[in-house]
Amino acid sequence: MMEYLLELRHMTPNSIRDFQVGYFPQNARYRLGPSDPAELIQLKGRFVVPIFSEFGKIVGIAGRIPNPSEKGWWNTKFKKGSHLYGFNFARKRIFEENKAYVFEGYMDRIVMAQHGLDNCVAAMSTNLGIRRIGLLARYCNRFCLCFDTDHNEAGFAGMLRTLADMYSVGIGVSPSNWEVTAIMLPVGVDPDDYVHEHGMEAFLALEKPLSENQLKESGRALKELEFRLKQKRKA
């Protein structure tokens, strides 16, 4: 398990300690807090990360099988739309920098912090949502979105949905002191892998500003993309 975290997921021993990453053995016979025991069975054989609230209370646990061929995370039940992974660690720096970088996955958040980007969080999904946009807006008025791109375009759809939500609540509407930017990576490349290979400077150089018109048109673009994806599934 340590080999998987250190070599394949590019984590450092300090990050494993600081983010309290652990392992749930297959033969585990204990419970973690008040969680439903049926949920804990699903975590066996997975490395696990605790999910904290804004102020550091554990609200859930996410687990993944330490095998490169196995994709996807399994989460215990919690209100994902109300929390941002790593926000308890990042909120002070987000306020100081007046900027939040928003990623999709747990490893993105951890590896970015290893490379010095502390004012970042993970949405734990391909969409930020209005509630969490409001949560971040209490701390900053500059946002940079970097959701994973993939072959089924879910990451791009999630970014469009987030931009449409932002515009619907007035972010980016002139006159405005809000700033929204995006980092788009090549298809199939995760942010943590890109930074590990090319470095943080090269990653941040990909950041591009988004105009008011782009935010305004994001809703229409999302509908067109969803229509194309629907047609692909039918074909």
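Read the figures in this text as sums done on the coordinates, not as results from a lab. These numbers were taken from a predicted model, which means no experiment stands behind them. Backbone-built Cβ (ideal geometry, glycine too); neighbour counts: all protein chains shown.
How high is the relative contact order of the chain? Use alpha-carbon pairs under 8 Å, at least six apart in sequence, and give a whole percent.
14
Are any of the pairs K57/K80; K79/K223; K77/K223; K99/K208; K57/K92 more than 18 Å apart by Cα-Cα distance, and if so, which?
K79/K223; K77/K223
Between H196 and K44, what is the FRET efficiency for a Förster distance of 30 Å, r being their Cβ-Cβ separation, to the nearest 0.05?
Between H196 and K44 the formula returns 0.55.
Using Cα centres only, tell me the gap between the range 187-235 and the range 64-116 in whole Å.
Value for the Cα centre distance between the two parts: 18 Å.
What is the magnitude of the charge dipole of the chain about its Cα centre, with +1 placed on the Cβ of each Lys and Arg, -1 on the Cβ of each Asp and Glu, and no other charges, expressed in debye to the nearest 20?
1060
With +1 on the Cβ of every Lys and Arg and -1 on the Cβ of every Asp and Glu, and nothing else charged, how large is the dipole of the range 129-189 about its Cα centre, in debye rounded to the nearest 20?
320
What is the local net charge at N119, summed over the other residues whose Cβ is closer than 13 Å to its Cβ (Lys, Arg +1; Asp, Glu -1)?
Cβ neighbours under 13 Å give a net charge of +3.
Which residue, chosen from P191, I171, P209, occupies the Cα position most advanced towards the positive end of the dipole of the range 139-235, where the dipole is computed from +1 (Lys, Arg) and -1 (Asp, Glu) charges on Cβ about the Cα centre?
Of the listed residues, the answer is I171.
With r defined as the distance between the Cβ atoms of N14 and V187 and R0 fixed at 45 Å, what FRET efficiency is calculated, to the nearest 0.05?
In this case the efficiency is close to 0.90.
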